[in-house]
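Below is one structure, written out as structure tokens, with a few remarks after it.
The values are calculated or read from the model by the stated rules, or taken from the named source; none is laboratory data. Because the structure is a prediction, the values reported are computed rather than measured. Counting neighbours? That spans all protein chains shown, and the Cβs are built from the backbone with ideal geometry, glycine included.
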Amino acid sequence: MTSDAPVPEAVLRAAIDWKLRLDDGEPDIVSRLERWLAEDERHRRAWNQLGTIDRHLDPVRPPVTRQVLQRSARKRPPLLRSLAVAATLIGALGLTDRLWPLGHWTADVHTGRGEQHSLRLPDDSHLQLNSRSAIDLLYSDQERRIRLREGEVLVDTAARGDPRPFIIETAEGTFRALGTRFLVRTHAGSTRLVVLAAAVAASPGDTGQTRIVRAGEQIIVSGNRLGPSEPAPPGSDAWSRGLLVVQDVPLGDLLEQLDDYHTGHLSADPTVARLRITGTFPLTDTERALNALTLSLPVQVERTTDWWLRLVPADR
Amino acid sequence: MTAEGSSQRQWVETLYRDHHGWLLGWLRRKQPCPQRAEDLSQDAFVRLLGRERMNDLREPRALLLTIARGLLIDHFRRSDLEQAYLEALAQVPEGEYPSTEEQALAIEALEQVERLLDGLSARARAAFLYNRLDGMSHAEIAERLGVSVPRVRQYLAQGMRQCYVALYGTPT
């Protein structure tokens, strides 16, 4: 039986269910999935076949084609009220909503793929949103609270004292600035805090527990638990200067981060995705970043079009 | 050419002689451009060439109409896509404007994906694209579409099944 033959209905349903659970970030799913895949050749076949769907969507990933495909979805106005509220807030803050319409419509401020957005707050604090991030501004008389719904934000709190506490909130916890510069990233059920100057008080969920994290340290918060304080990886805030600094990471991971800033699609052949790399790369100049990679690793760029690039093993 | 190929051709030629004028008239009523109608009617007969010969075809016009309708839908879908693509392009900065060839490739790619998703409800389609292209989570999609998370999962499952069937055939 070839690997292209359709699988039984029940197997397809089960495979789709696994995809959805994995996609939903269900904890500890991978080992159970591995077992299911090993049970029967058809399980793995269905899984691999489903995996090819994304490849068929690759050619339409660039923003323009994506916008065309989603035109019918956008004609309908969902959540009109929230949109109106967001528009008012954005207007009040003097922001222009030039953002490409993806994700986070209901957030006060959001960035699309490959976009960054700088924002000066009423108290003179400064926020910078990384790619695909969304925040709500919840300033009140008692506190300056910002909810980070998704993505990453770099905070520079105002030097001059405002008596109200400055707090970043994520699904996993709250982070109170103690006069400072820090980064918060939330993704797939965990939040990472990196303190760049002074200190931040971190509290997971509603446990009432608090830990002071100092400059040069990071912690990860997930499932109501504070991880250990660790030395912050170098270059954590490099993205705010248009750079990506990585230390001994798989090539696949690096490309995933660069892909966020690349108009189009960037991927690595599985045979080279695990090569490890250390270096500093320009975020917004994919060509230069890839050139640098081809100099330091045995890889070359395979070009379908200018926006669809793939790293493959170099010819001998 | 084999004997069979040759008789196939004769069969289509007979059909063409007897029904071409009629089909062209029908296509002209359906869409205004005369040149386009002529192209579409030619395409319909070319499709017939690729079909198994049906000797006892009692209703050749019914078959021709079925083929022509399919072609017409493809044609409208393509013009609709082209139109939407050009509108979207209008927002692209001048320096990043794609070449004519890239535009043709993009429209081609769009058509393929449209065919892949054909048959999904508007919401299932939107949910699927938000998830696969924008990487939105189930909860984000639920919020965006104003539906429950289990419903989003259902939409995504429909989307994956739809693509699966289009690519690999109906499950056994």
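Residues that are free of Cβ contacts under 8 Å to residues at least 12 places away in the same chain and outside any helix (DSSP H, G or I) were ranked within segment A:271-301; the one that is nearest to B:Tyr97 (Cα to Cα) is A:Asp285. The helices (runs of 4 or more DSSP H) falling completely within segment B:73-172 that include 1 or more residues that are touching a residue at least 12 places away in the same chain (Cβ under 8 Å), within 9 Å of chain A (Cβ to nearest Cβ) and farther than 30 Å from A:Ala134 by Cα map to B:100-117, B:149-168. With respect to (1) more than 22 Å from A:Asp259 (Cα to Cα); (2) out of contact with any Gly (no Cβ under 8 Å at 6 or more places or on another chain); (3) among the charged types (D, E, K, R), the lone exception for B:Arg125 is condition (2).
Answer yes or no as to whether A:Leu295 is buried (at least 16 other Cβ atoms within 10 Å of the Cβ) and either hydrophobic (A, V, I, L, M, F, W, C) or at pLDDT below 80 (or both). It is false that A:Leu295 is buried (at least 16 other Cβ atoms within 10 Å of the Cβ) and either hydrophobic (A, V, I, L, M, F, W, C) or at pLDDT below 80 (or both). Looking across segment A:55-77, just one residue is at the interface with chain B (Cβ under 7 Å from one of its Cβ atoms), in contact (Cβ under 8 Å) with a residue 40 or more places away in the chain and assigned to a helix (DSSP H, G or I), and that is A:Pro59. Number of residues in segment A:202-239 that are surrounded by fewer than 18 Cβ atoms within 10 Å (Cβ to Cβ) and under 30 Å from A:Asp269 (Cα atoms) equals 4. Against the list (1) under 20 Å from B:Leu156 (Cα atoms); (2) of a type outside the set (Phe, Trp, Tyr); (3) more than 7 Å from every other protein chain (Cβ to nearest Cβ), the condition A:Arg42 fails is (1).
Of the helices (runs of 4 or more DSSP H) entirely within segment A:1-54, those holding at least 1 residues that are over 24 Å from the mean Cα position of the chain (by Cα) and touching a residue at least 24 places away in the same chain (Cβ under 8 Å) occupy A:9-23, A:41-51.
Whether a residue is assigned to a strand (DSSP E or B) and either under 25 Å from B:Arg132 (Cβ atoms) or of a type in the set (A, V, I, L, M, F, W, C) (or both) was assessed, and A:Glu256 does not pass this test. Taken as a whole, the structure places A:Val246 among residues that are out of contact with any Lys or Arg (no Cβ under 6 Å at 6 or more places or on another chain), buried (at least 16 other Cβ atoms within 10 Å of the Cβ) and assigned to a strand (DSSP E or B).
Number of residues in segment A:105-120 that are in a strand (DSSP E or B) and of a type in the set (Gly, Ala, Ser): the value is 1. Regarding B:Arg69, is this residue part of a helix (DSSP H, G or I), within 21 Å of A:His56 (Cα to Cα) and either under 18 Å from the mean Cα position of the chain (by Cα) or at pLDDT 85 or above (or both)? Spelling it out, it is not the case that B:Arg69 is part of a helix (DSSP H, G or I), within 21 Å of A:His56 (Cα to Cα) and either under 18 Å from the mean Cα position of the chain (by Cα) or at pLDDT 85 or above (or both).
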